[in-house]
Amino acid sequence: MNEYVSEAIVLEKEPQGELDERVAVFTRSLGKFSAKVKSSRKITSKLSPHLEPGNFIRVRMIEKGSLQVVDALKRGKLSGPPDFFYLLGRVLAEGEPDEYLWTTLLAGVKDWRKILAILGWDPEHASCEHCGRGNVFAFHIASQNFFCGPCAARSRGEKIELA
Ligand SMILES: [Zn+2]
């Protein structure tokens, strides 16, 4: 049984079954992954307030077949629009730590142009995947393509709008 302790940013939390929750976190040492917050209502209610999206936490997890959060302590909260951390969870790859992204997020940067550039999708010189226009407005998560405004409005699926 492996145990991990890391600083982490909570990306998403959702109920699982009747008593459990599942959280997605971006950790400093292991990158993004999701883990179960286990079963007793009592334990969940103790940990749950520490595991709100945007929280900066110290988390302890064990690996027993899958990852499970056994302890979490909120150390701060990063501000951001409600969907910011959720969308971040959609674009981060599992298990890829990124120290530069980590420090950038902790510094409070929420500019998607900067964040996407760090992740290797620089919108600066990108052009619309559909029509080729240079002034991109949105990043389409599923296809990892940039779209201009009109093409973004016609496309389906989750998108990150660039300020
Ligand atoms: Zn276009």
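When only Cα pairs below 8 angstrom with a gap of at least 6 residues are kept, the chain shows a relative contact order of 17 percent. Helical runs (DSSP H, four residues minimum) scored at -39500 (n - 2.57) apiece and divided by the length of the chain put the mean residue ellipticity at 222 nm at -5500 deg cm²/dmol.
Arranged from fewest to most other beta-carbon atoms within 10 Å of their beta carbon, T104, T27 become T104, T27. Prolate is the label for the stretch 96-163. Its Cα gyration tensor axes, ordered a ≥ b ≥ c, give a/c of at least 1.5 and a/b above b/c.
Shown here: the chain, whose C-alpha atoms stretch 53, 32, 28 Å along the first, second and third principal axes, sorted largest to smallest.
If you count Lys pairs in the stretch 1-110 whose Cα atoms are under 21 Å apart, skipping same-chain pairs closer than 8 places in sequence, the total is 25.
Bear in mind these aren't lab numbers, they're just calculated from the coordinates by the rules spelled out. Please read these numbers as outputs of a predicted model, since none were measured by experiment. Glycine also receives a Cβ, built like all others from the backbone with ideal geometry; neighbour counts cover every protein chain displayed.
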